[in-house]
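Below is one structure, written out as structure tokens, with a few remarks after it.
The values are calculated or read from the model by the stated rules, or taken from the named source; none is laboratory data. Since this is a predicted model, take the numbers as computed values, not measurements. Glycine also receives a Cβ, built like all others from the backbone with ideal geometry; neighbour counts cover every protein chain displayed.
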Amino acid sequence: MLCLPLAAVLSGCAPSHDTGAPVKQQLPASHVDNTLPVALQNGWPQSTWWEDYHDPQLNNLINSALSNAPDMQVAQQRIKLAEAQAQMAQSQLGPEVDFGANVERQQMSAEGLMGPFATHEGGGPWYTNGTLGLTAGWDLDLWGKNRALVQSRIGMVKARSAELAQTRQVLASSVARLYWQWQTEAGIKQVLEQVKQEQSSIISVDKALYSRGITSSVEGAENDISVSKTDQQLTEVAGNMKEIEARLMALTNSQSSALSLHQVALPAVKTQMPASLGYDLLARRPDLQEANWYIQSSMSEVDAAKAAFYPDINLMGFLQQDALHLSDLFKHSANQMGITAGLTLPIFDSGRLNANLDIADAQRDLSVANYNKAVVDAVNQVAKTASQLETLMEKNQQQQQVMKDSDRVVQQAQARLSAGILSGSQVSMAKLPSLQEQIGSLRLQGQWVDASIQLTSALGGGYHYTGK
């Protein structure tokens, strides 16, 4: 018999319309060939991958950025806000009990509702009445609307936690890339100073020969132009180094007036890559986990929007002392209590509930679409960066052979100098091409290191979601 009234109540609810099939989530394996170069397959990167460089200077910079960067502070505050919102939603699931008390002094009207209590005084008597006691209420949440909102807020907390991990790995990779770019520029500056030294040696000899009428002024002018070009390059390199220092200071939130860095050699490139991508990439990329939790949160919002079409059933109760005369407030006869069951049934709302459901559905589909795009971008980013890294590895190997050949030319020139066949200026001229190759080698090595850091970042920077 109870089923018939319940069916009648539910049939009276505001009708919901069909919102269509939701957008489906895609997976990495469905997009591209995710087999990675064999030469780069050494497993996933570690969470503190930068420590593999064994550079205390770099470690200090990254630790400073992770501790002081404004981006980290913003991400941490977003987590706190999401946790507070989740606690607020959680509080709606349980009962609520309040204590209240009031005292009222009033003159009764002899002609009003309380007339029988009035005396024959013209304005009626004065009374001091009081009430105190407990009131309680509980939304039974039979259709799970509040529970769905709690799950939505929990999803947001997890999304914000993944956002913090993403901020962390982006900061670490940005600092590491800038640091090695600075070291590359510092190495190039050192070689350019050697180039200028050799050019100055050539000019000194050339001036001596010109004063004796052995060479023409044209050769001297050409050498002067070469020195000027080297000075331009040195100025450009110095400017690049200052710009990098400023960016590092911003990332680390440094309060000092200048960043004190000393030069170190560029490191050997070591990559950490799995044999293939696939489902594991979803757990290794914090941005993908963030997007996934936004989906979970939005799906719970849809559940809450659907549950809003059904009636709300609330229980309310009170246990009080109530007396018309304050002196009688604590008498047993002043006790009163009651329980109320309330039902709120949406029947006609001008389309508000359907519009709310459409918004929740659209937000869910948008979250799924953003996730699918992020998956495609992530897999392509890894594949592209791995390809670039492999190409740079081959170029560096080829450059090493070029360096060996140019060094052999310099060694031969020095041997001829010792034999008295060549002059010192001719040896300096033989060194210039070798020094230029050193600059090219440094740039390639710097690009190789930079690409390896980008690949580490593309693989999640050591992040691993384990479901806990």
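For segment 362-390, the set of residues classified as among the charged types (D, E, K, R) and closer than 30 Å to L444 by Cβ consists of D377, K384, E390, listed by residue number.
Condition check: surrounded by 15 or more Cβ atoms within 10 Å (Cβ to Cβ) and under 30 Å from A283 (Cα atoms). Does D361 satisfy that? Yes: the conditions hold for D361.
How many residues does segment 98-128 hold that are in contact with a Gly (Cβ under 8 Å, 6 or more places away or on another chain), part of a strand (DSSP E or B) and either modelled with pLDDT under 85 or more than 21 Å from S327 (Cα to Cα) (or both)? Qualifying residue count for the region: 1.
Residue-level check: of (1) modelled with pLDDT of 90 or more; (2) surrounded by 20 or more Cβ atoms within 10 Å (Cβ to Cβ); (3) β-branched (V, I, T), V170 misses just (2).
Checking Q401 against (1) surrounded by fewer than 19 Cβ atoms within 10 Å (Cβ to Cβ); (2) under 23 Å from Q454 (Cβ atoms): exactly one of these is not met. Which one? Q401 satisfies all of (1) surrounded by fewer than 19 Cβ atoms within 10 Å (Cβ to Cβ); (2) under 23 Å from Q454 (Cβ atoms) except (2). Residues considered: L234, L251, L277. Of these, the only one that is at pLDDT 90 or above and buried (at least 17 other Cβ atoms within 10 Å of the Cβ) is L251. Would you be able to say whether some residue in segment 291-300 is under 29 Å from W180 (Cα atoms) and outside any loop (DSSP other than H, G, I, E, B)? No - not one qualifying residue is present in segment 291-300. Kindly indicate whether any position in segment 330-350 is without any contact (Cβ under 8 Å) to a residue 40 or more places away in the chain, part of a loop (DSSP other than H, G, I, E, B) and in contact with a strand residue (DSSP E or B) (Cβ under 9 Å, 6 or more places away or on another chain). Yes - at least one qualifying residue is present in segment 330-350. Scanning segment 298-329 for residues that are surrounded by fewer than 20 Cβ atoms within 10 Å (Cβ to Cβ) and without any contact (Cβ under 8 Å) to a residue 60 or more places away in the chain turns up S327, D328. Can you find a residue in segment 242-249 that is of a type in the set (K, R) and closer than 30 Å to P56 by Cβ? Yes, segment 242-249 has at least one match.
Per-residue answers, yes or no, for (1) modelled with pLDDT of 95 or more; (2) within 41 Å of the chain's Cα centre (by Cα); (3) in a helix (DSSP H, G or I); (4) over 30 Å from H262 (Cβ atoms):
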position	(1), (2), (3), (4)
A186	yes, yes, yes, no
K189	yes, yes, yes, no
Q194	no, no, yes, no
Q199	no, no, yes, no
D206	no, no, yes, yes
V227	no, no, yes, no
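Taking every residue in segment 225-243 that is within 9 Å of E185 (Cβ to Cβ) and pairing it with any residue that is part of a helix (DSSP H, G or I) and of a type in the set (F, W, Y), at least 6 positions away or on another chain, the pairs with Cβ-Cβ distances below 7 Å are M241/W182. Looking for something surrounded by 23 or more Cβ atoms within 10 Å (Cβ to Cβ), assigned to a helix (DSSP H, G or I) and not β-branched (V, I, T) - is there at least one such residue anywhere in segment 459-467? Checked against the condition, which is being surrounded by 23 or more Cβ atoms within 10 Å (Cβ to Cβ), assigned to a helix (DSSP H, G or I) and not β-branched (V, I, T), segment 459-467 yields no hits at all. Among the residues of segment 123-136, those identified as touching a residue at least 40 places away in the same chain (Cβ under 8 Å) and out of contact with any Ser or Thr (no Cβ under 9 Å at 6 or more places or on another chain) are Y127, N129, G130, T131, L132, G133, L134, T135, A136. Determine if segment 346-362 includes at least one residue that is among the hydrophobic types (A, V, I, L, M, F, W, C) and at pLDDT below 90. There is at least one residue in segment 346-362 that is among the hydrophobic types (A, V, I, L, M, F, W, C) and at pLDDT below 90. Residue-level check: of (1) outside the structural domain of Q26 (by TED's automatic domain parsing); (2) in contact (Cβ under 8 Å) with a residue 40 or more places away in the chain; (3) of a type in the set (A, V, I, L, M, F, W, C); (4) not in a strand (DSSP E or B), A283 misses just (1). The sole residue among V427, V368, V449, V379 that is at pLDDT below 90, over 19 Å from E198 (Cβ atoms), assigned by TED's automatic domain parsing to the domain that holds V170 and surrounded by 14 or more Cβ atoms within 10 Å (Cβ to Cβ) is V379. Residues that are among the β-branched types (V, I, T) and not assigned by TED's automatic domain parsing to the domain that holds A307 were ranked within segment 129-151; the one that is farthest from the chain's Cα centre (by Cα) is T131.
Evaluate the following for R352: is it surrounded by 18 or more Cβ atoms within 10 Å (Cβ to Cβ) and of a type outside the set (A, V, I, L, M)? Here the answer is no, as R352 does not meet what is asked. Restricting attention to segment 254-274, the residues that are at pLDDT 80 or above and under 28 Å from L442 (Cα atoms) add up to 11.
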